[in-house]
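All remarks here apply to the structure that follows.
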Amino acid sequence: MAVVKIARLETFMQRVGDRPRLLVKITTDDGISGWAEAYNHGPDRALVPLLEYLFAQIEGVDARRVSYVNQYLLQSSRFPPGALGLAAIAAIDHALWDIAGKAAGLPVYQLLGGAVRDRVRVYAGLYSAPDLPRLAEWTAELNERYGFTAFKLSPYRGDIHGTRWGKVCRDIGEYFGAVRERLPDAWEFAFDAHACIWEPGQAVQLAAALAPNEPLFLEEPIRPEHVPAWARIRGEMRVPLATGESLYTPNEFLALLTAQGADIVQPDICVVGGLTQMRKIAVLAEAHYVGVAPHNPMGPLATAANLHFAAATTNFDILELKPDDTSWCVDPYLPQDGYLQLRPDRPGWGLEIDESALARDDYVHWERRVPRRPDGSTAYM
């Protein structure tokens, strides 16, 4: 087959729900287009010039040489690329996988060795801990519409930085107990602590409060930087410990896994350098008997990339999903009975993008809030 050369890169400032998202389109010289969704975690508009810079290095390369391009871009930096650099590389990686699938007339998961499962289980990211009547209503709606039987909540019921920590833990323990009494026993609930806790001992306290009611997992209770702390808290917890959205490279995941610092790893396919690097992380996790539950608070294109990864990955566990509406995706993957279905008859990611909807810059600014403690010092959120 003739070379399919990378010819053009375009970006579109868009949104998914109330969050900003940057869409990336790469087109080959024979007119095949691949799409990606970038995790532009701030500064909002920094990725566009970075993508243009990277594109100049790969223009004219065969678009089907996805692993080559990924490795080349990683090696083109004098220093290891950080969050923004890897997010840009991930977007290029995903657009090229889409092209490779379309050029071959196959779904991406077929290029990865084929599906090891028939469908992909998902959980609904709720990211809060609403009062029980509202939670019951919300989860019932999601269960009826999509079949969700797993949900992720926040372990915080108020201002954690101005409240005695023992009370924070007691309140969430009582709340989770009430959830178990009110909602179906077969349903699963995870809790995302958002790396707000500084002291490992507090993370252990929080886990102890949740443990009697068997959470699916406790996610990212402490900051990611000090790996020995993860080994300590995992050894003292009696609930599954999940983390990884703040780690970027296979080396960082290897350090965590070697220290036995997690029961479940949660790499973000749009942060770690794309599907190409995500697969390396999954292999490392499998060698340590650890499952992969990808971090995915994103939109339809990111979900598609995760679905193809999950379809072809033996130690995949469950995928995060936030089914927000978009103006630009005609046919997003949406759950049926709590699972995403594969699309074996559609090449690439298996999605259709409405380019007419991208003519307008439908963007919303977002940035993290930094909370303050009662003494005026800042805290993590």
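The values are calculated or read from the model by the stated rules, or taken from the named source; none is laboratory data. Predicted model only: the values in this text are computed from it and were never measured. Ideal geometry is used to build each Cβ from the backbone, glycine not excepted, and the neighbour counts take in all protein chains shown. Quick note on the areas: whole protein, heavy atoms, side chains included, nothing else; ligands and nucleic acids left out. Shrake-Rupley method; radii C 1.70, N 1.55, O 1.52, S 1.80 Å.
One table, with the values for the structure above:
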quantity: Residue that is touching a Leu at 6+ places or on another chain (Cβ under 7 Å), closer than 18 Å to L112 by Cβ, at pLDDT 95 or above and buried (at least 24 other Cβ atoms within 10 Å of the Cβ), where the choices are I269, I281; calculated: I269
quantity: Looking only at segment 68-79, and only at residues there that are hydroxyl-bearing (S, T, Y) and surrounded by 14 or more Cβ atoms within 10 Å (Cβ to Cβ), the one that is modelled with the lowest pLDDT; calculated: S76
quantity: I222 vs. criteria touching a Phe, Trp or Tyr at 6+ places or on another chain (Cβ under 8 Å) and open to solvent by 10 Å² or more (accessible area, probe 1.4 Å); calculated: no
quantity: T378 vs. criteria under 23 Å from K102 (Cβ atoms) and polar (S, T, N, Q); calculated: no
quantity: Any chance F189 is touching a residue at least 12 places away in the same chain (Cβ under 8 Å), farther than 18 Å from P130 by Cα, open to solvent by less than 30 Å² (accessible area, probe 1.4 Å) and of a type in the set (F, W, Y); calculated: no
quantity: Qualifying residues in segment 225-250 (those that are open to solvent by less than 40 Å² (accessible area, probe 1.4 Å) and assigned to a helix (DSSP H, G or I)) - the one nearest to P80 (Cα to Cα); calculated: P250
quantity: Subset of segment 53-67 (residues that are open to solvent by 70 Å² or more (accessible area, probe 1.4 Å) and aliphatic (A, V, I, L, M)); calculated: A56
quantity: Criterion (farther than 27 Å from D317 by Cβ, at pLDDT below 95 and not polar (S, T, N, Q)) met by exactly one of G82, G166; calculated: G82
quantity: Filtered residue count, segment 292-316, keeping only those that are closer than 20 Å to A193 by Cβ, open to solvent by 10 Å² or more (accessible area, probe 1.4 Å) and free of Cβ contacts under 8 Å to residues at least 60 places away in the same chain; calculated: 1
quantity: Neighbours by Cβ (under 8 Å, 6+ apart or cross-chain): first from segment 152-177, within 18 Å of F217 (Cβ to Cβ) and of a type in the set (F, W, Y); second part of a helix (DSSP H, G or I) and open to solvent by less than 30 Å² (accessible area, probe 1.4 Å); calculated: Y156/V168; Y156/I172; F176/A209; F176/L210
quantity: Residues satisfying the stated conditions in segment 82-99, i.e. open to solvent by 10 Å² or more (accessible area, probe 1.4 Å) and within 30 Å of Y146 (Cβ to Cβ); calculated: W97
quantity: Looking only at segment 349-381, and only at residues there that are within 21 Å of P323 (Cα to Cα) and outside any loop (DSSP other than H, G, I, E, B), the one that is most open to solvent (accessible area, probe 1.4 Å); calculated: E355
quantity: Count of residues meeting criterion [in contact (Cβ under 8 Å) with a residue 60 or more places away in the chain and in contact with a Ser or Thr (Cβ under 9 Å, 6 or more places away or on another chain)] in segment 356-370; calculated: 2
quantity: Test: residue in segment 25-37 that is in contact (Cβ under 8 Å) with a residue 24 or more places away in the chain, open to solvent by less than 10 Å² (accessible area, probe 1.4 Å) and over 23 Å from the mean Cα position of the chain (by Cα); calculated: yes
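Here is a yes/no grid of residues against (1) of a type outside the set (G, A, S); (2) open to solvent by less than 30 Å² (accessible area, probe 1.4 Å); (3) touching a strand residue (DSSP E or B) at 6+ places or on another chain (Cβ under 9 Å):
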{"site": "R134", "(1), (2), (3)": "yes, no, no"}
{"site": "L142", "(1), (2), (3)": "yes, yes, yes"}
{"site": "F151", "(1), (2), (3)": "yes, yes, yes"}
{"site": "I160", "(1), (2), (3)": "yes, yes, yes"}
{"site": "R182", "(1), (2), (3)": "yes, no, no"}
{"site": "I197", "(1), (2), (3)": "yes, yes, yes"}
{"site": "A203", "(1), (2), (3)": "no, yes, yes"}
